[in-house]
Amino acid sequence: MSVPLKGLLASVAMVWALSAQAETLSIGLASFPESLQPGLSTNVSLNVNRQMMDGLTARDNAGKIVPNLAEKWEVINETTVRFHLREGVKFHDGSAFSAEDVKYTLDHALDPKSGYGMAGRISAITEVKIVDPKTIDIVTAKPFPTLPVALADILIEPKLYAEKVGVDGQRRKPVGTGPFELVRYVPGDRIELKANPNYFAGKPSLDSVTLRSIPEAATRISSLLAGETQIVEEVSVDLVQQVESNSALKVDSVNTSVGLVLTYDVTKPPFDNPRVREALDYAVDKELILKEILKGKGEVLQGQLLTSNTFGNNPAVKARAFDPAKAKKLLAEAGYPNGFSTAISTMSGRYLSDVDIANAVSGMLNDVGIKVSINVMEPGIFLKNLGSPARDLGPVYMIGWYSFGDADFAMTWYTGNNRRTAWSNAEFDKLFLAARSTNDTAARKAAYERMDEILHAENPSMFLFGVPTIYGVSKKLSGFNAPADRVLRLNRAKLN
Amino acid sequence: MLGYLWRRLRYLPVSLLLVLFVTFSVLRLTGNPVDIYLDMNRTPEQVEALTQKLHLDQPLIVQFGIYLRDVLKGDFGESLQFGVPALEVVLDRLGNTLELVAVALGLAVILGIAGGAVAALRRDRLADIVISFLAVLGQSMPSFWLGILLIQLFALRLGWLPTSGQGGLSHIVLPALTLAAYLIPNFILITRTGVIETSNEQFVVTARAKGIPPARVMLVHVLPNTLNPILSFLGLQLGKLIGGSIITESIFAWPGIGRLMVSSIFQRDIPVVIAAICIMCVAIVLANLLVDVALSMLDPRIREA
């Protein structure tokens, strides 16, 4: 009995000793990658690989595109953008970063044989030309205004190292130019990183960072309360209070670029009638749901798909005010004075409080005579049906569309050649193509603002909320803010 | 003995084949890897490449045949999510799950037998009532709730143990206890019944009449004769224990197979799911075999039957 007890005490003491080293930051992640391979098509992977690697461009916490390995870029002609690379940057293995590495990475990503998950983002690229070691030209088939946005997700790999060790080697020990270097990767458990002393933007204040996998929300918050972690991601709304009531902790919430919407099947009654769709928009008190269910985090979408932090958001378009009397009147005019029955399909736990929001909407629609049942679907089946031509998700389905900060990425789901909604509008499609085919920012903005107006007038979906992401953070930590894209930026973070 | 082993193991390949087929078809039929794995902005070339790689354009039975051929060669395929060989991912986690299950089992056996013996000795008295009450309570408490309560008490209130993760010995205490809580009540009740029954047997009465101290009567004469039902029960519960580890591993962020399987099922990562299920099947069959061998060593009647 005494031997295991001694062992227990020793290991408890060891844990205490470890936590005494103040410059190690521990982070509790809700989603943890099963591999460190660069280019997997998830933000989960990007969140981890971004600690070790850089892109030509990067996003800041608000989602704005900023220079990274490219100091600046300029449009040379309609289909060519020239990137000027940062000088004196070194990879973790000591080799110097140059245009060769950029060309290698992009060619590798674009090669269908490499199965690079993020390839879809940059598929418009036709050629990558090295002008000199510090300059590179990227040529696209057509004008490609979102190139700098897309490049923020492509992490530059060292050519010599990658060719020597192959994909398998890069997966086991990714080498990049980023602020932290890999020390140890324990699958399913943790990733240990140490500061890169030669980081081009200055050595990070933290000596080391541990990213831990803690999938269960209640346990994640407990680890923060117990002081085992200093940052946890994805604090669920019901646990916000527990963090806020602790004087050593704070809640840091930021709006993502995800717009949560209810999309109607406009091919069948009653939603083929635009007046019915407008009536429903009046019947739901979105401000109340924001306040009560989302505890005031996030935002109400202003009668349009795009969140307020997205390029192309139209500030002149406003959400319809809650007005159940008007909703009933419109329903009566549309021929449904006694309402009707319908169903909302949704995934569970995909977006913050998704099922709760669907239930609240259902209750409010019930008040104007519409009986709604909620159909919670398993994500695999939901996504399969969403992608199939029949789009078998019933009369209404709930989904969140990412914009990555630019209207192009979200608006595409409402165009005619996409199958995510049966609604289609010729003017909308024309504007979408026009905006995609020019590098003129003002012209793009004007096109998107007009598209926002069309969506607002036609209501192919009920536009609900800009979804927040909520972090729990120790007050000992400074220089860290919640990132809108859920990719942690830690090189200025400091523990006091 | 060899004949006995052969009789026990000859159906293993058939069960594995069935499990493989059911898992493969259910996962393939309910989700298309193209929709799950490829970015929303995927290109037709990407779709084509993945379709070719997974033979998605073939009928399901052909897809299964191709997959089975690879599995027979020991190749479970690459994890769809992460491009790593599926078997490697699973084997990386196997040790963690076995460690957790073994410690939980040890805890359950020790605490269960001790509790059951005490309850039997103090039959119908306060200790018996309290232990039996706790046993019923423990059995009806969902493990995710118990796990979170234990974290609240031992990690937050008392600060004795870490909340989650893997590390020293202290990390395994709470998850193992949560998992064991599932079995302890059964062990208590079985031991209690066994001890009460055995205590009335003639050889125990004789031992007591000879003046052997009560503790020795219990340890040498009573308990060994109640081990048989406990061991058989243990064999039956192994599958449940591994099932229970799925929830426990998720609560305590324990990097085992159970948690890996849950996320892989949601992602329709068939190679990983199948590799994990096969390994678990083999583990459960082998563990049951071990229990049977142990039983037959304890009780010659079983060997001869």
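Here are the numbers for the structure shown:
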read-out	value
3J(HN,Hα) from dihedral phi, segment A:119-126, Karplus parametrisation 6.51/-1.76/1.60, rounded to Hz, x for glycine, proline	4, x, 5, 10, 5, 6, 6, 10
Mean Cβ count within 10 Å, highest first, over the residues of peptides B:168-177, A:397-406, A:470-479	A:397-406, B:168-177, A:470-479
Over chain B, relative contact order from alpha-carbon pairs under 8 Å, at least 6 apart, %	26 percent
Per-residue average of Cβ from other chains inside 10 Å of A:204-214	2
Cross-link table A:173/B:53; A:291/A:318; A:64/A:164; A:129/A:173, entries beyond 30 Å C-alpha to C-alpha	A:64/A:164
Per-pair calculated FRET efficiency, R0 = 56 Å: residue A:164 and residue A:424 via Cβ, rounded to 0.05	0.65
Degrees separating the helix A:274-283 axis from the principal Cα axis of chain A, which is the longest one	70 degrees
Centre separation in Å (Cα based) which lies between segment B:168-247 and segment B:71-111	28 Å
Volume in Å³ per residue [convex hull over Cα atoms, computed for segment A:393-435]	69 Å³
Equivalent ellipsoid semi-axes, segment A:258-411, via Cα gyration tensor eigenvalues times 5, rooted, Å	23, 20, 16
Range of Cα positions in segment B:210-296 per principal axis (Å), largest first	66, 28, 14
Inter-label distance for residue A:247 and residue B:149, nm, one decimal - labels placed 7 Å from Cα along Cα-to-Cβ	3.1 nm
Most to least packed among B:126-137, B:100-111 [average Cβ atoms within 10 Å]	B:100-111, B:126-137
Contour minus Cα-Cα distance for residue B:72 and residue B:160 (0.36 nm per residue)	26.9 nm
Protection proxy ranking of A:379-390, B:149-160 - average other beta-carbon atoms within 10 Å, highest first	A:379-390, B:149-160
Ratio of the Cα radius of gyration of segment B:61-216 to 2.2 N^0.38 Å, where N counts its residues	1.53
Built amide H within the under 5 Å cut-off of residue A:422, gap 5+	A:266
Under 17 Å from the Cα of residue A:494 - lysines, other chains or at least 8 residues apart	A:194, A:203, A:250, A:475, A:476
Averaged over B:78-88, number of beta-carbon atoms from partner chains that fall within 10 Å	4
Sequence-separation-based contact order of chain A, relative, with Cα cut under 8 Å and 6+ spacing, percent	20 percent
FRET E, pair residue A:375, residue A:134, Förster distance 60 Å, beta-carbon r, rounded to 0.05	0.60
Shielding score for A:217-229, defined as the mean number of other chain Cβ atoms within 10 Å	5
Projected-area mean, the protein assembly as shown, by convex hull of Cα positions, square nanometres	39.8 nm²
Order of A:82, B:259, B:42 under a 10 Å beta carbon neighbour criterion, fewest first	A:82, B:42, B:259
Pairs from A:90/A:134; A:297/A:371; A:90/A:159; A:103/A:159 whose Cα-Cα separation, in the structure shown, is over 18 Å	A:297/A:371
Integer Hz, Karplus 6.51/-1.76/1.60 couplings in order for segment A:444-459, x for Gly and Pro	4, 4, 4, 4, 5, 5, 5, 5, 4, 5, 4, 4, 5, 6, 8, 6
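Readers should treat all values here as calculations from the given coordinates under stated rules, not as data from a laboratory. Because the structure is predicted, anything quoted here is derived from the model rather than measured. In this analysis, Cβ positions are derived from the backbone assuming ideal geometry, glycine residues included, and neighbour counts consider all displayed protein chains.
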